[in-house]
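Worksheet: the structure to be examined is printed underneath.
The values are calculated or read from the model by the stated rules, or taken from the named source; none is laboratory data. Just so we're clear, the structure is a prediction, and the values are computed from it rather than from any experiment. All Cβ positions, glycine included, derive from the backbone under ideal geometry; neighbour counts span all protein chains shown.
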Amino acid sequence: LVATSYASCMFTIMGIYCQNHGHEFKHGEANVTKIMSATPPRRIEKIVIEMDITGNNWDETTTQKVIAAGKACPVARTLGDDVAVEFDFKVG
């Protein structure tokens, strides 16, 4: 749930950014993977988020701004540096 809420929160913030800046947000899909620590104490060690945001027809600058907005979502701020997060964005 934590990993899924991270991606969901990112999409929400990305959508708000697009709405506030006059950009259409047509498409977004995410796959998330949660990796647990192998050593005690049990905790989430890493989250991998693969986002497909193709088909939105944003230029490179807009794409980078939308991604940056998403990465600054409240879930990201809540987890802070305690959990490693790896992103893979499919854009175009």
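So is residue 70 under 16 Å from residue 15 (Cβ atoms) and either surrounded by fewer than 13 Cβ atoms within 10 Å (Cβ to Cβ) or touching a residue at least 60 places away in the same chain (Cβ under 8 Å) (or both) or not?
Numbers: under 16 Å from residue 15 (Cβ atoms): yes; either surrounded by fewer than 13 Cβ atoms within 10 Å (Cβ to Cβ) or touching a residue at least 60 places away in the same chain (Cβ under 8 Å) (or both): yes.
So residue 70 fits the description; yes.
Among the residues of the range 76-87, which ones are out of contact with any Lys or Arg (no Cβ under 6 Å at 6 or more places or on another chain) and not in a helix (DSSP H, G or I)?
Selection gives 80, 81, 82, 83, 85, 86, 87.
Can you tell me which residue among 51, 14, 10 is in contact (Cβ under 8 Å) with a residue 40 or more places away in the chain and in a strand (DSSP E or B)?
Going through 51, 14, 10 in turn, just one is in contact (Cβ under 8 Å) with a residue 40 or more places away in the chain and in a strand (DSSP E or B): 51.
Go through 26, 46, 65, 34 for me and flag whichever is loosely packed, with under 15 Cβ neighbours inside 10 Å, within 26 Å of residue 80 (Cβ to Cβ) and either in contact (Cβ under 8 Å) with a residue 24 or more places away in the chain or among the charged types (D, E, K, R) (or both).
Residue meeting the stated conditions: 46.
How many of the residues making up the range 68-92 are over 21 Å from residue 35 (Cβ atoms) and touching a helix residue (DSSP H, G or I) at 6+ places or on another chain (Cβ under 8 Å)?
Total satisfying the criteria: 4.
In the range 56-75, what residues are within 13 Å of residue 89 (Cβ to Cβ) and in a loop (DSSP other than H, G, I, E, B)?
56, 58
Tell me, please, whether a residue that is polar (S, T, N, Q), at pLDDT 95 or above, closer than 12 Å to residue 6 by Cα and out of contact with any Cys (no Cβ under 7 Å at 6 or more places or on another chain) can be found in the range 25-48.
Yes, the range 25-48 has at least one match.
Return yes when residue 76 is out of contact with any Leu (no Cβ under 9 Å at 6 or more places or on another chain) and at pLDDT 95 or above and no when it is not.
No; evaluated as a whole, the condition is false for this residue.
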